[in-house]
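To keep things clear, I will list the structure first and then write my remarks on it.
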Amino acid sequence: MSIPFVHGERDATIIAFPVERVSRAPRPAAGEAVVIALSSPASPPEEGPDLSDATSTEPLEAGGEAVSDRVHRRARNVALHALATRGVSKVEIEARLVARELPAEVVAEQISTLERQGLIDDAELASNLVDKYVLRQGLGRRAAAERMRQRGVPQAVIHEALEGISNDDESSRLREVAEDRARALGSLAPEVAKRRLVAYLQRRGYSGNEIFSVVDEVLR
């Protein structure tokens with residue numbers, strides 16, 4: 001049976017379908033076995049390549065970071081922190097890393113990387129220290145060399161850095177330092193002033209032969 005239905009300007013036909021009662025399946029009698037068909041178990045997956053070798057066997061932290069990565073980053077931070085404060089020698093950087101109980105191979109790798117990047121340069125450091133110790137602080141070559149040795153600068157590098165300081169430069173600087181110090185000793189007895197001035201200039205790293213002649217001149 002069809003029923004005409006009008007919607008707007010178009011006609012539609014509704015077709016009625018018979019509704020059949022679907023009766024429930026009869027419940028099995030008591031004691032009657034019910035067989036339920038089960039799907040066959042899934043086949044085991046085919047064996048693939050062993051990926052255990054492809055993954056890192058290195059222990060991971062909670063964040064998934066390899067321990068060696070953390071150690072290398074820590075070594076880098078220690079080195080950069082030291083370099084940020086002042087110029088440091090290769091020996092000083094190495095000592096700083098060893099003091100943090102970092103593995104020897106990590107220390108060696110970090111030193112090599114810093115040298116390759118030009119962040120460690122003993123020759124440049126020695127040149128800067130000559131400017132600091134000799135030109136600004138008025139030390140003699142002997143004292144400047146000793147200060148650089150204490151900073152771990154190699155002897156060959158020290159010798160090369162001090163080659164630019166001539167004997168005439170050393171003599172001129174000795175006189176300037178002696179005159180400046182003599183003014184502070186003017187109130188002392190001549191022999192006391194002389195003894196103290198000689199000791200002062202020796203501590204500043206000047207040669208003893210030159211000291212006595214200069215001291216006699218500036219204390220007249």
Next item on the list: Give me the net charge of L135's neighbourhood, meaning all other residues with Cβ under 14 Å from the Cβ of L135; Lys, Arg count +1, Asp, Glu -1.
Entry: +2
Checklist line | Local electrostatic count, A156, Cβ distance below 14 Å [Lys/Arg +1, Asp/Glu -1] | finding: -1
Margin query: Please report the spacing between the Cα centers of region 162-194 and region 66-129 in Å, no decimals.
Written below: 39 Å
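Values quoted throughout were computed directly from the atomic coordinates according to the rules given, and no laboratory measurement underlies them. All figures in this text were calculated on a predicted structure; none of them were measured in a lab. FYI the Cβ positions are ideal-geometry reconstructions off the backbone, even for glycines, and counts take in every protein chain you see.
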